[in-house]
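Data block below; observations after.
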Amino acid sequence: MSRTFAMIKPDAVQAGNAGKIIAHLQDAGFRVLGMKLTQISRQQAEKFYEVHAARPFYGELVEFMSSGPSVVLALESDNAVTKWRETIGATDPAEAAEGTIRKLYAESKGKNAVHGSDSDENAAIEIAFFFSGTELVG
Ligand code: CMP
């Protein structure tokens, strides 16, 4: 078993889709080890996405991610990182496969409903960014 970090972004929370996305991920076989509703600060968003700091969309991304509440989750399954990325689909919902979370709930590349870690190493970093050890079960 391994872990990944997931986020239900402000667009999906605002649209009332958080519950459906949590049901979707549980139906897909993920176990929730940690979960909270939080409004990410501008400073947290800048730090979380600092790898994208040189990209033209960085300012827009930071603005959007701190614009309203998000749900942050630590998830467990077999091959969690790969499996979660398959479950959410491509970054651009126009390219996401049928039945994926982004195909179902995302509106654009920026407002794309959910986040998923891209490696086991980043999953550990991202989980630790939002959760202390005592906030995780299992
Ligand atoms: P995420 O998986 O959270 O990781 C980086 C984010 O950058 C990505 O999802 C998108 O929301 C965002 N992103 C990537 N490309 C673009 C783009 N061209 N315009 C706006 N946002 C983008």
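Each value in this text was obtained by applying a stated rule to the coordinates, not by laboratory testing. Just so we're clear, the structure is a prediction, and the values are computed from it rather than from any experiment. All Cβ positions, glycine included, derive from the backbone under ideal geometry; neighbour counts span all protein chains shown.
Mind checking whether some residue in region 72-91 is surrounded by 15 or more Cβ atoms within 10 Å (Cβ to Cβ), among the acidic types (Asp, Glu) and within 13 Å of the chain's Cα centre (by Cα)? Spell out the reasoning first.
Of all residues in region 72-91, those surrounded by 15 or more Cβ atoms within 10 Å (Cβ to Cβ) come to 72-77, 80-85, 87-91.
Still in the list and also among the acidic types (Asp, Glu): 76.
In the following step, the residues that additionally are within 13 Å of the chain's Cα centre (by Cα) were identified as none.
No, region 72-91 contains no residue that is surrounded by 15 or more Cβ atoms within 10 Å (Cβ to Cβ), among the acidic types (Asp, Glu) and within 13 Å of the chain's Cα centre (by Cα).
Restricting to region 116-136, name every residue that is crowded, with 22+ Cβ neighbours inside 10 Å and either closer than 19 Å to residue 67 by Cβ or within 9 Å of the ligand (Cβ to nearest atom) (or both).
Answer for region 116-136, where residues must be crowded, with 22+ Cβ neighbours inside 10 Å and either closer than 19 Å to residue 67 by Cβ or within 9 Å of the ligand (Cβ to nearest atom) (or both): 116, 117.
With the condition kept exactly as written, say whether any residue in region 39-56 is of a type in the set (Val, Ile, Thr), free of Cβ contacts under 8 Å to residues at least 12 places away in the same chain, part of a helix (DSSP H, G or I) and within 13 Å of the ligand (Cβ to nearest atom).
In the first step, residues of region 39-56 are kept if they are of a type in the set (Val, Ile, Thr); the result is 40, 51.
Those still in the list that are free of Cβ contacts under 8 Å to residues at least 12 places away in the same chain too: 51.
Going one step further and asking which of them are part of a helix (DSSP H, G or I), we end up with 51.
With within 13 Å of the ligand (Cβ to nearest atom) added as a condition, the list becomes 51.
Yes: one or more hits.
Return the total of residues in region 92-104 being within 14 Å of the ligand (Cβ to nearest atom) and surrounded by fewer than 18 Cβ atoms within 10 Å (Cβ to Cβ).
3
Inside region 67-86, can you point out the residues that are more than 13 Å from the ligand (Cβ to nearest atom) and touching a residue at least 40 places away in the same chain (Cβ under 8 Å)?
Within region 67-86, 68, 69, 71, 73, 74, 75, 76, 77, 78, 79, 80, 83 meet the criteria.
Quick one: which residue in 109, 103 is assigned to a helix (DSSP H, G or I) and more than 16 Å from residue 4 (Cβ to Cβ)? I'd like the intermediate steps shown before the answer.
Working: 109 fails: assigned to a helix (DSSP H, G or I).
Answer to the check: 103.
Residue 63: surrounded by fewer than 15 Cβ atoms within 10 Å (Cβ to Cβ) and closer than 19 Å to residue 14 by Cβ, yes or no?
Considered against the rule, which asks whether it is surrounded by fewer than 15 Cβ atoms within 10 Å (Cβ to Cβ) and closer than 19 Å to residue 14 by Cβ, residue 63 comes out as yes.
If you scan region 35-52, which residues turn out to be within 21 Å of residue 123 (Cβ to Cβ), of a type outside the set (Val, Ile, Thr) and surrounded by 12 or more Cβ atoms within 10 Å (Cβ to Cβ)?
Answer for region 35-52, where residues must be within 21 Å of residue 123 (Cβ to Cβ), of a type outside the set (Val, Ile, Thr) and surrounded by 12 or more Cβ atoms within 10 Å (Cβ to Cβ): 35, 36, 44, 45, 46, 47, 48, 49, 52.
Return yes or no: is residue 107 farther than 15 Å from residue 10 by Cα, within 14 Å of the ligand (Cβ to nearest atom) and surrounded by 13 or more Cβ atoms within 10 Å (Cβ to Cβ)? Walk me through how you get there before you give the answer.
Details: farther than 15 Å from residue 10 by Cα: no; within 14 Å of the ligand (Cβ to nearest atom): yes; surrounded by 13 or more Cβ atoms within 10 Å (Cβ to Cβ): yes.
No; evaluated as a whole, the condition is false for this residue.
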